[in-house]
Amino acid sequence: MREHAHRAAAGVLLAVVAAGVAGCAAAPMSAADGTRHYEAVMADLTDELVAEYPAVLWETESESTHAAADAGECRLYLPTRSTTSDEIVEGTPEELWEAVNRVLGQHEFDDIVGLDEDTPGGWEVASARDARGAELRISAKPGFPVSLDLTAPVETDACR
């Protein structure tokens, strides 16, 4: 009986360890692969939003950069995509999330289900992440353009 209890305990421990390993983040991509992959995510997302909301125009600001972040992590910062005006997207937030989530699911991001809490200054922010630690943020505030920001950890010597 005692041996059976030890085996059962060992089985539970193994299951917990396996679940913990399965939940670990995937390794970051190389800077070149990450840039190609996440630029495709942004392009697909912008294309979907243009198709859903043809009256809303988008522009790209700046260029992709790599910079050191917390704990020595190197992050890719894609150019911000913003609407050309402060025009609010028609429809409900749920309809917007549905359009965005169609693209995010194709690129293995979590779904956006609502607004993030505790965003300062009257901004409304929704975010989604992938297993590698990339984060897409959609930010909006009355009187300001809507913006899309995407950052991701990457492996490169550019940050060292």
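Can you pull out every residue in region 59-86 that is under 25 Å from Asp111 (Cβ atoms) and either acidic (Asp, Glu) or in contact (Cβ under 8 Å) with a residue 40 or more places away in the chain (or both)?
Ala69, Glu73, Arg75, Leu76, Tyr77, Leu78, Thr80, Arg81, Ser82, Thr83
Examine region 127-137 for a residue that is over 10 Å from the mean Cα position of the chain (by Cα) and either at pLDDT 90 or above or of a type in the set (Gly, Ala, Ser) (or both), and state whether such a residue exists.
Within region 127-137 (the criterion being over 10 Å from the mean Cα position of the chain (by Cα) and either at pLDDT 90 or above or of a type in the set (Gly, Ala, Ser) (or both)), the answer is no, since none of the residues qualifies.
Filter region 101-132 for residues that are without any contact (Cβ under 8 Å) to a residue 60 or more places away in the chain and among the β-branched types (Val, Ile, Thr); which is farthest from Tyr53 (Cα to Cα)?
So, considering only residues that are without any contact (Cβ under 8 Å) to a residue 60 or more places away in the chain and among the β-branched types (Val, Ile, Thr), the one farthest from Tyr53 (Cα to Cα) is Thr119.
Mind telling me which of the residues Thr80, Thr151, Thr119, Thr84 ends up being more than 14 Å from the chain's Cα centre (by Cα), modelled with pLDDT of 85 or more and β-branched (Val, Ile, Thr)?
Matching residue, one of Thr80, Thr151, Thr119, Thr84: Thr84.
Are any residues in region 87-113 over 20 Å from His37 (Cα atoms), within 17 Å of the chain's Cα centre (by Cα) and not β-branched (Val, Ile, Thr), and if so, which ones?
Residues satisfying the conditions are Leu96, Trp97, Glu98.
Across region 133-143, which residue is most open to solvent (accessible area, probe 1.4 Å) among those that are out of contact with any helix residue (DSSP H, G or I) (no Cβ under 8 Å at 6 or more places or on another chain) and in contact (Cβ under 8 Å) with a residue 40 or more places away in the chain?
Result: Pro142.
Out of curiosity, is Val12 at pLDDT 90 or above and of a type in the set (Val, Ile, Thr)?
Spelling it out, it is not the case that Val12 is at pLDDT 90 or above and of a type in the set (Val, Ile, Thr).
The values are calculated or read from the model by the stated rules, or taken from the named source; none is laboratory data. These numbers come from a predicted model, not from an experiment. Counting neighbours? That spans all protein chains shown, and the Cβs are built from the backbone with ideal geometry, glycine included. For the accessible areas, the whole protein counts, side chains as well, though only heavy atoms, and no ligand, DNA or RNA atoms are used. Shrake-Rupley method; radii C 1.70, N 1.55, O 1.52, S 1.80 Å.
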